[in-house]
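Q: Pasting a structure here, questions to come.
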Amino acid sequence: MSGHESTYKPASGFTKWLDSRLPIIRLAHDSFVDFPTPKNLNYWYTFGGILAICLAIQIITGVVLAMHYTASVSEAFGSVERIMRDVPFGWLVRNIHMVGASMFFLAVYVHMFRGLYYGSYKAPREVLWILGCVIFLLMMATAFLGYMLPWGQMSLHGANVIINLFGAIPLVGEGIQSWLMGGPSVGNQTLNRFFSLHYLLPFMIAGVVILHIWALHVPGNNNPTGVEVQDVKKDTIPFHPYYTVKDGFAIVVFLMIFAVFVFYAPNVLGHADNFIEANPLVTPAQIVPEWYLLPFYAILRAITFDLGPIDAKLLGVLFMFGSIAVLFVLPWLDTAKTKSMRYRPVAKQFFFGFVISCLLLGWCGASNPDDPLIAMGEDKLIVSYIDTAGLEGTRTFDEYEAAAEFRDEQQAAGATASMAVKKAPAFTFKILSQILTAYYFAYFLLILPILGLREKPKGEPDSIHKSVLGDHAPAAVPAE
Amino acid sequence: MSDSNTTAHEAVDEERRDFIHIAAGAAAVAGAGLVAYPLVDQMNAAGDTKAASSLEVDISKIPLGGEIRVLIGGKPFFLRHRTVAEISAAASVVMSKLPDPETDEDRLEPLPDGTLNPAILVTSGACTHLGCVPVGPAQGAVGDYGGWYCPCHGSHYDTSGRIRKGPAPKNLPVPEYEYVTPTVVKISL
Amino acid sequence: MTIFRTLLVGLGAMALGLSAHAAGGSKHAEAPEGGWSFAKVPAGQIDKESAQRGFQVYKEVCASCHGLKLLSYRNLGEKGGPFYDDAYPNANDNPLVKAIAAEDEILALEPDESGDPFYRPARPSDRFRSPYPNDQAARAANGGALPPDLSVITKARGHGAEGQGASYVYSLLSGYPDAEKIKSKKGDDGLNINYIEFDKGEVVGTLLQPTGQYYNPYMPGDVTAQWAGDPRHKPYGGFLAMAPQLPEGRVEYMDGTEATTEQMAYDVAQFLHWAGDPKQGQRKSLALPVLIYLLLLTILLWFSYKRIWRNVKH
């Protein structure tokens, strides 16, 4: 809690001496040992600790990999394979780093959804939330930079596509683009700077994480009831040993999932095309980002229309960045006084809809936008012809035989004729992703602001300890 | 600090001594220790580095009184074709005068037929003091004893590569090598 | 629990979507009957004998066009490799590996005394011999097509699940249409045109096979331009510049195994799977101990957690 009194008492002469010069043990004690924490935090609250472990794992394995990696277009691919083949335990370190990126994002998404559900972004935790969004942005940048380093087909062409996004910015876009690449294309110089930045950003993340924890420890933890701590004695318990052991347990369970991927399916979360060395002349048949960026990729591709003077390319980029930017202002968009959605029955439904729409956006991002999700009717055959008199015409057929016969007749009569497939109208992934994109933005810009003013909260307890003791109506017991 | 809180703390303190906590803590520490192993081991020589650590050298082209220098795994080695005078200088040394006593014969490997070939001396090219590469006949300085001279801190080696004067503590080490044919030696790290 | 359920539903939907996208335009590669030994949980390993035969197939058939540039001869004799021998923990000393290496002449990394490049017998520490000095030479010798390097081919195909890449290699090599299915007729210009008739299910029509191209249902590609038939139901797969390479008896196995097309495809896929990830044996052997340790720690922490929290209502 803000201004909670320090309970640290230096025991030995040395700790007393140190405490009056650099009270670092006191800081650690007050932050991670005696810190009063609401007693009702559930397992969704362990993901903060899990994320700290993820960051540590990525930094440690990353430093190791950098000892063996060569940032040069002619050697990068081979040096990564050398790590997998010749460096002692290199395969292990590299698999952990590669799977670790996915695990990091898995954990951060759960952490963010938890914050959204329990209203952890609301006053007095707005700065805490914004710092979290900064970390998320830095993570995406780091992941993107890191994905380029193995210099496979996806590395090169993915980097190319993302850098081209900046080209959509009017006037300065192309300048930024070639500044980022350091030349006319993604080349050796780009790989070198990306490696440098990929090494730098995790330490910036670590810095912002410290601010994030600081901003958490000023107002203290939110909790599943969303009710602030009123009585430290009744509502809280010290962080250690209660939450160290609970977080520890959750971390180990998480590490088991992590290990299954590392040892049994290290490549399943990536893309096979990245095992083909980068070739600037051939773009892979389907270019998709890593799974954790798919929802944003789907939003980018959903925008296929111009809006006034803004063309589709720029609009898509604006929507994609907007989908993250909106998170930054969320604390002021949600007007509800009640923090936790446990006690907001209507908002809760919209929230689950939001979770599902994010997952479905990921599905859309992985799919070809023009593929039919639900086809309406059968594909037809269409024969176009220009007869000897120069008249053009088309005829549509269901059956191939009839269409072929007609085409052959036309050709026999001296006309030019050709057959093509006419796709049946369908509900495509593009349409689905447009609907989902609309919902994504509506959730933040319409539903949360309006619903907060109109919805009547139900069953919110007076305090944490009363909720723990079950003093409130059982009907309002939330669904976890 | 209220009474109820203190008792809670005391209870917790007592529990810390519980076997289950000790076991869990010990298991976690042991795991962390095991994780350290690959993280340390990864800095050892990689498979390709280890594999590229031998070289076959043709000695028939070394001029009399001259030497050739080769790199194996980035480390320098000298192969010197000694003159008769140099051989006898190397052989006629009083052992007790040497800082690191070793006979010239001990520093040679046999030919395929089992005899020694004193004309060819194979040694490491790294000064045993701090790893500089001594200069030799081709660089115009052979030191006071006709072998090599290390310009970094003034160590003098004789025609058998033994340390005679200066700060170096040991003779230039003889690498593991063998005569594949009478004119080809294979040097391994 | 609702959040859990929601997440599950979502993840299920995603998995469905990804598998749908995996189907693509080519026939889904099938694992051989009985599956792959290395894909078995918890610690499946390479079938060493099969991988040895696979190396023979690679050397006698594939190596004339396809390189294995990321591999060294010594890898063959390293732990987990097809020719590993306990007596020679250092693969460089393994006489079999030395002999295999010495059969290939490679361009020495350093020039000879007069400064000219020269060829010498390979040593275990050398990389595998490349069939062509460069990509241009490879294209020139193969009608413009570049035979891909096979070092990581099993990782570059499939979708990351264990054995999918090997199944692709196996299916592709054993999946060419039978020779008698490929018919020939005189075209308008008097030259022969090869074609394949399809009459199964909805896929009915004729597929022209351009000269120097070979149809394979497992090859990713698009056959629209060569397909005479209903364009809505065209055959799976595409064309590649590699003719069928493994007719029965193409190699004579030293261990007496009958060299059927399937057997050779199976063996070479096994070998290439090992080549793509030589440390996979080590990975699988470490998996179970790590998971058991984590499970043990989970159980200990669970009881520790229960004990610490026993007096706290939460």
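The values are calculated or read from the model by the stated rules, or taken from the named source; none is laboratory data. As the structure is a prediction and not an experimental result, all values here were calculated from the model. Cβ: placed from backbone, ideal geometry, glycine included. Neighbour counts: every protein chain shown. Side chains included, ligands, DNA and RNA excluded: accessible areas come from the protein's heavy atoms. Shrake-Rupley method; radii C 1.70, N 1.55, O 1.52, S 1.80 Å.
Q: First measure r as the distance between the Cβ atoms of B:A91 and C:Q282, then evaluate 1/(1 + (r/R0)^6) with R0 = 56 Å and state the FRET efficiency to the nearest 0.05.
A: Step by step, r from the Cβ atoms, then E = 0.60.
Q: What distance in nm separates the two pseudo spin-label positions at C:K79 and A:N164, each 7 Å out from Cα along the beta-carbon direction?
A: 4.7 nm
Q: Given the pairs B:K61/C:K69; A:K233/C:K306; A:K339/C:K313, which span a C-alpha to C-alpha distance of over 29 angstrom in this model?
A: Distance filter (> 29 Å) returns B:K61/C:K69.
Q: Using only the alpha-carbon atoms, how far is helix A:47-66 inclined from the longest principal axis of chain A? Give it as 0 to 90 degrees, nearest 10.
A: Once rounded, the angle reads 70 degrees.
Q: Let me ask something else. Would you kindly state how much longer the chain becomes between B:V184 and B:L55 on full extension, computed as 0.36 nm times their sequence separation minus their alpha carbon distance, in nm to one decimal?
A: Gain on stretching B:V184 to B:L55: 45.4 nm.
Q: Follow-up. Run the paramagnetic zone check for B:L116: 7 angstrom along Cα to Cβ, then residues of the range B:52-92 with backbone nitrogen under 17 Å.
A: Inside the label zone: B:80-92.
Q: Hey, another quick one. Taking a cut-off of 18 Å between Cα atoms, list the aspartates and glutamates near C:K234, but don't count ones fewer than 8 places away on the same chain.
A: A:D371, A:E378, A:D379, A:D398, A:E399, A:E401, C:E197, C:D199, C:E202, C:D222
Q: A:A285 to B:A36: FRET efficiency via 1/(1 + (r/R0)^6), r the Cβ-Cβ distance, R0 41 Å, to the nearest 0.05? Each step should come with its number before you reach the end.
A: Values: r = 43 Å, r/R0 = 1.05.
FRET efficiency, A:A285 to B:A36: 0.45.
Q: Now a separate question. For the range A:380-422, calculate the relative contact order in percent as a whole number, restricting contacts to Cα pairs under 8 Å that are 6 or more residues apart. Kindly include the intermediate steps, with their values, before the conclusion.
A: Working: 75 pairs, mean separation 21.9, N = 43.
So the answer I get is 51 percent.
Q: Provide the FRET efficiency to the nearest 0.05 for the A:V232-A:I435 pair, computing r from the beta carbons and using R0 = 41 Å.
A: 0.30
Q: Choose one answer from C:S130, C:S174, C:S114: the residue with the largest mean-square fluctuation in a GNM of chain C with alpha-carbon springs under 10 Å.
A: C:S114
Q: Compute the long axis of helix B:3-16 from its Cα atoms, compare it with the longest principal axis of the Cα atoms of chain B, and write down the angle in degrees, 0 to 90, nearest 10.
A: Between helix and principal axis, roughly 40 degrees.
Q: Which helices pass in chain C if a helix is a full DSSP H run, must span at least 30 angstrom along its long axis by Cα, and must have mean Kyte-Doolittle hydropathy not below 0.0?
A: Passing helices, by number: C:2-23, C:280-308.
Q: For C:A102 paired with A:I382, estimate the spin-label separation in nm (one decimal), with each label point 7 Å from Cα along the Cα-to-Cβ line.
A: 7.1 nm
Q: In peptide A:242-254, how many Cβ atoms from other protein chains are near each Cβ within 10 Å, on average?
A: 6
Q: Loop-only check: which GluC sites (Glu not before Pro) in the range C:81-126 are DSSP coil with at most 16 other Cβ within 10 angstrom?
A: Sites meeting the loop and neighbour criteria: C:E103, C:E113.
Q: How far is it, in nm, from the label point at A:S74 to the one at A:R395 when both lie 7 Å from their Cα along the line to the Cβ?
A: Roughly 6.3 nm, to one decimal.
Q: Sticking with this one: Can you tell me the accessible area per residue over the protein assembly as shown, all protein chains present, probe 1.4 angstrom, in square angstrom? Don't skip to the end; give the middle numbers.
A: Details: 46990 Å² over 983 residues.
So the protein assembly as shown comes to 48 Å² accessible per residue, rounded to a whole number.
Q: Charges at C-beta only: +1 for Lys and Arg, -1 for Asp and Glu. How large is the resulting dipole of the protein assembly as shown about its Cα centre, in Debye rounded to 20? Don't jump to the answer; show the numbers that get you there.
A: Details: 79 positive and 95 negative charges, 746 e Å.
Using Cβ point charges on Lys, Arg, Asp and Glu, the protein assembly as shown gives about 3580 debye.
Q: Going by a ≥ b ≥ c, the root eigenvalues of the Cα gyration tensor, does chain B fall in the rounded group (a/c under 1.5), the prolate group (a/b larger than b/c) or the oblate group? It would help to have the intermediate numbers written out before the result.
A: Numbers: a/c = 3.93, a/b = 2.76, b/c = 1.42.
Prolate, since a/c reaches 1.5 and a/b exceeds b/c.
Q: Students often get this wrong: which residues of the range A:216-252 have the backbone nitrogen under 20 Å from the point 7 angstrom along Cα-to-C-beta of B:I22?
A: A:241, A:245
Q: Moving on to the next point. Could you look at the protein assembly as shown and say what percent of its accessible area is carbon and sulfur, using a 1.4 Å probe and all protein chains?
A: Exposed carbon and sulfur together represent 62 percent of the surface.
Q: Could you work out, residue by residue across C:285-293, how many beta carbons of other chains sit within 10 Å of that residue's beta carbon, and then give the average as an integer?
A: Average neighbour count from other chains, rounded to a whole number: 4.
Q: Just want the answer: with Cβ charges of +1 for Lys and Arg and -1 for Asp and Glu, which residue in C:V41, C:N92, C:P217 is farthest toward the dipole's positive end in chain C?
A: C:V41
Q: Further question: Remind me, relative contact order of the range C:178-243 in percent, using alpha carbon pairs under 8 angstrom and six or more residues apart?
A: Reported as a whole number, the value is 26 percent.
Q: Kindly provide the helix-only [θ] at 222 nm of the protein assembly as shown, computed as the sum of -39,500 (n - 2.57) over DSSP H runs of four or more divided by all residues, to the nearest 500 deg cm²/dmol?
A: About -14000 deg cm²/dmol.
Q: On to the next question. Past 22 Å, Cα to Cα: identify those pairs from C:K27/C:K59; A:K380/C:K181; B:K50/B:K186, in the order given.
A: Numbers: C:K27/C:K59 28 Å; A:K380/C:K181 30 Å; B:K50/B:K186 16 Å.
Flagged as over cut-off: C:K27/C:K59; A:K380/C:K181.
Q: Give the peptides C:240-253, B:71-84, C:199-212 in descending order of average Cβ contacts within 10 Å, highest first.
A: B:71-84, C:240-253, C:199-212
Q: Quick check: the angle from helix A:400-412's long axis to the longest principal axis of chain A, C-alpha only, nearest 10 degrees?
A: Orientation of helix A:400-412: about 40 degrees from the principal axis.
Q: Using +1 on the beta carbon of Lys and Arg, -1 on that of Asp and Glu, and nothing else charged, what's the dipole of the range A:1-104 about the Cα centre, debye to 20?
A: 180 debye
Q: Right, here's the next one. Restrict the search to the range B:101-163; then list the chymotrypsin sites (Phe, Trp or Tyr not before Pro) that DSSP places in a loop and that have at most 13 other Cβ atoms within 10 Å of their Cβ.
A: Details: sites: B:Y145, B:W148, B:Y149, B:Y157; in loops: B:Y145.
Filter output for the range B:101-163: empty list.
Q: Let me ask you something else. To make sure I understand the rule: partners must be aspartates and glutamates, Cα under 12 Å from the Cα of A:K337, and not fewer than 8 residues away in the same chain. Which ones qualify?
A: A:E455, A:E460
Q: Count, for each residue of A:233-240, the Cβ atoms from other chains sitting within 10 Å of its Cβ, then give me the mean as a whole number. Walk me through the numbers on the way to the answer.
A: Numbers: counts 4, 1, 0, 0, 8, 4, 0, 2.
The shielding value for this peptide is 2.
Q: How high is the relative contact order of chain A? Use alpha-carbon pairs under 8 Å, at least six apart in sequence, and give a whole percent.
A: 19 percent
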